[in-house]
Amino acid sequence: MRAIEITQYGKPDVLQLCERPVPVPAAGEVLIRVRAAGVNRPDVLQRMGHYPVPAGASDLPGLEVAGEIVAGELSDSEFAMGDRVCALVQGGAYAEYCIAPLVQCLPVPKGLSLIEAASLPETFFTVWSNVFDRGGLLAGETLLVHGGTSGIGVAAIQIATALGSRVLATAGSDEKCRAIDLLGAVRAINYRTEDFLEAVKAETLGDGVNVILDMVAGKYLSKNIDCLADDGRLVVIALLGGAKAELDLSQVLRRRLHITGSTLRPRSVAFKASIARALRQNVWPLLESGVVKPVVHQVFALTDACRAHEAMEASQHIGKLVLEL
């Protein structure tokens with residue numbers, strides 16, 4: 001099969017087309033004929049040598065796929081050979097065939113293309129796990145999303161809004177802020193021209209937000225703490241602004257704040273299966289009704305994976321970047 005491999009750690013041009021054997025599914029796994037694969041920032045970090053491949057996972061990049069099941073044991077499942085699915089994987093999505101745990105596969109939502117379906121798993125699994133499971137966001141509460149036009153941001157804004165929460169989100173341009181407004185957020189904050197803490201306080205009448213989904217960390221920590229309402233929850237999912245910062249623990253004590261974080265890739269298949277079940281029950285109906293919509297910014301050929309990574313690093317996209325096979 002054709003695949004894209006990381007020939008060495010470095011710039012996007014280290015991504016090169018290669019030939020690899022078609023992988024063979026083990027017990028509990030299926031083989032997917034890949035039609036589309038999502039491109040995510042963890043792929044960029046892996047290419048640069050900053051995101052280690054878990055033991056036993058493919059060294060090929062790519063964490064989400066959509067295509068047809070072509071091999072594997074399906075007797076105890078809802079799926080049949082040839083069914084269209086999308087799946088979260090530990091790696092290997094930048095290829096014509098990819099292995100996925102069966103319990104991490106979801107049917108392509110009715111009305112969606114395979115390209116749209118490929119934009120869902122990594123971001124939707126991440127959002128559900130962190131905003132709703134770890135962050136405990138409830139209907140009627142307010143969520144602040146940093147990076148509101150990233151793939152994760154676009155998903156978080158739509159899902160939280162659809163489930164009855166108010167969403168504020170930050171972005172780095174007026175164009176991106178207009179996109180955030182269209183996604184349903186009650187307030188878009190241009191962090192280049194506004195102080196997001198002041199904007200949050202104004203929008204919440206000084207109360208602060210209940211949950212923050214943060215992919216920046218570092219220099220944002222102090223302001224994030226100040227943005228939180230009493231009993232607020234800060235959930236960190238990336239460290240784009242740095243891994244270290246000072247923390248005023250007196251606020252954590254006095255206002256009963258929760259600070260947590262997670263990374264999804266090394267978690268167990270059983271853990272990811274529980275998220276898949278929650279998404280099927282709570283979010284897939286929203287996708288099929290059109291209340292929540294995939295936002296695909298640009299589609300690249302598999303052989304243009306280098307250009308897709310350049311686009312990711314330029315950070316001008318709104319929504320997801322996808323490879324088409």
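The values are calculated or read from the model by the stated rules, or taken from the named source; none is laboratory data. A quick note: this is a predicted structure, and the numbers were derived from the prediction, not measured. Here the Cβ positions follow ideal geometry from the backbone for every residue, glycine too, while neighbour counts run over all protein chains shown. Side chains are part of the model used for accessible areas, which takes the heavy atoms of the whole protein and leaves out ligands, DNA and RNA. Shrake-Rupley method; radii C 1.70, N 1.55, O 1.52, S 1.80 Å.
A few remarks follow.
- Nearest-20 debye value, the chain charge dipole, Cβ charges on Lys, Arg, Asp, Glu: 320
- Largest-first principal axis extents of the Cα set of the stretch 49-204 (Å): 55, 36, 28
- Axis angle, to the nearest 10 degrees, between helix 305-314 and the longest C-alpha principal axis of the chain: 0 degrees.
- Take the Cα radius of gyration of the stretch 134-222 and divide it by 2.2 N^0.38 Å, N being the number of residues; the result is 0.97.
- Charge dipole (debye, nearest 20) of the stretch 159-208; +1 at Cβ of Lys and Arg, -1 at Cβ of Asp and Glu: 140
- Enclosing the Cα atoms of the stretch 130-289 in their convex hull gives a volume equal to 115 cubic angstrom per residue.
- Cα-Cα pairs of the stretch 187-229 separated by more than 12 Å (percent): 59
- Reducing the stretch 196-229 and the stretch 26-75 to their Cα centroids gives an inter-centroid distance of 35 Å.
- Peptide packing: for 158-167, 62-71, the average count of neighbouring Cβ atoms within 10 Å per residue gives the ranking 62-71, 158-167, highest mean first.
- A simple rule links phi to the HN-Hα coupling: the Karplus curve 6.51 cos²θ - 1.76 cosθ + 1.60 with θ = phi - 60°, which for the stretch 316-323 gives 9, 7, 10, x, 9, 9, 9, 9 Hz, with x for Gly and Pro.
- Between LEU138 and ALA27, the distance separating the two model label sites (each 7 Å from Cα on the Cα→Cβ line) works out to 4.3 nm.
- Computed [θ] at 222 nm, helices only, for the chain once each DSSP H run of length n ≥ 4 contributes -39500 (n - 2.57): -8000 deg cm²/dmol
- Seen from LYS219, the other residues with C-beta closer than 15 Å to its C-beta sum to a net charge of -2, counting Lys and Arg as +1 and Asp and Glu as -1.
- For LYS110, the lysines whose Cα comes closer than 20 Å to its Cα, not counting residues fewer than 8 places off in the same chain, are LYS293, LYS320.
- Accessible surface of the chain [probe 1.4 Å, protein heavy atoms]: carbon and sulfur percent: 52
- Label positions at LEU74 and LEU249, each projected 7 Å from the Cα along the C-beta direction, are separated by 5.4 nm.
- Under 14 Å from the GLN8 label point (7 Å along Cα→beta-carbon), backbone N, the stretch 42-74: 48-49
- Protection proxy ranking of 16-27, 179-190 - average other beta-carbon atoms within 10 Å, highest first: 179-190, 16-27
- Rg over Rh, two decimals, the stretch 1-101 (C-alpha only, Kirkwood Rh): 0.98
- Per-residue HN-Hα couplings for the stretch 269-282 [Karplus 6.51, -1.76, 1.60; θ = phi - 60°; Hz; x = Gly/Pro]: 4, 4, 5, 5, 4, 5, 5, 4, 5, 5, 5, 4, 6, 9
- Under 5 Å, built H, 5+ apart or other chain: amide partners of GLY72: LEU31
- Alpha-carbon centroid distance for the pair the stretch 150-192 / the stretch 283-325, whole angstrom: 17
- Taking amide H as placed 1.01 Å from N in the peptide plane, the amide H of VAL296 sits under 5 Å from that of LYS320, each at least 5 places away or on another chain.
- For the stretch 248-313, the C-alpha radius of gyration sits at 1.76 times the compact-globule guess of 2.2 N^0.38 Å, with N the residue count.
- From most to least packed by mean Cβ count within 10 Å, the peptides 95-104, 114-123 give 114-123, 95-104.
- A cut-off of 5 Å between modelled amide H atoms, ignoring neighbours fewer than 5 places along the same chain, links SER165 with GLY140.
- Calculated translational diffusion coefficient of the chain (37 °C, 0.692 mPa s; Stokes-Einstein with Kirkwood radius over alpha-carbon pairs) equals 164 µm²/s.
- Counting 0.36 nm for each residue step from THR303 to GLU19 and taking away their Cα separation leaves a gain of 101.0 nm.
- Aspartates and glutamates with Cα under 15 Å of LYS244, excluding same-chain neighbours fewer than 8 positions away: ASP214
- Here the Karplus relation 6.51 cos²θ - 1.76 cosθ + 1.60, evaluated at θ = phi - 60°, turns the backbone of the stretch 283-294 into coupling constants of 10, 4, x, 5, 5, 6, 8, x, 5, 10, 10, x Hz, with x for every Gly and Pro.
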